[in-house]
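As structure tokens, the structure follows; a few thoughts come after it.
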Amino acid sequence: LSYAWIFNEYPSFVHQDSRRFVSQETGNLYIAKVEASDVGNYTCVVTNTVTNSRVLGPPTPLVLRNDGVMGEYEPKIEVQFPETVPSAKGTTVKLECFALGK
């Protein structure tokens, strides 16, 4: 499976950059330092890479709070590393780790 996200309407896909990341392990979309330009509807697209068939999830709205209050939660590190990661010599291995919280 592969994951992508549509921003507002097709074919406007979310492009990964220094603030946006799409996990190919979980399908989650992460946005750091949300800005007004991020406001809109996000739709997850899951593609079966064998059959090339796609399924779209329901749109999820992202809105900015007007009261200036941030939700607070304890800092947390999300790591889902397997016990071992087999790889061939000379290949690149990517491990995903996220720090969340305030």
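The values are calculated or read from the model by the stated rules, or taken from the named source; none is laboratory data. All values reported here derive from a predicted model rather than from experimental measurement. Cβ: placed from backbone, ideal geometry, glycine included. Neighbour counts: every protein chain shown. Protein only, heavy atoms only, side chains kept; ligands, DNA and RNA dropped before computing areas. Shrake-Rupley method; radii C 1.70, N 1.55, O 1.52, S 1.80 Å.
Note on the chain: GNM, Cα springs under 10 Å; of ASN41, ASN52, ASN28, the largest mean-square fluctuation is that of ASN52. Packing order of peptides 12-25, 76-89, highest average first: 12-25, 76-89 (average count of other Cβ atoms within 10 Å over each peptide's residues). Computed over the chain, relative contact order equals 22 percent, with contacts defined as Cα pairs under 8 Å that lie 6+ residues apart. The modelled label-to-label distance between GLU35 and VAL93, using points 7 Å beyond Cα along the C-beta direction, is 3.6 nm.
Excluding ligands, DNA and RNA, the accessible surface per residue across the chain is 79 Å² with a 1.4 Å probe.
Between the entries [x] 66; [y] 45; [z] 25, the label attached to percent of Cα pairs over 22 Å apart calculated for this structure is [y]. For the range 2-100, the carbon plus sulfur part of the accessible surface works out to 55%, probe radius 1.4 Å.
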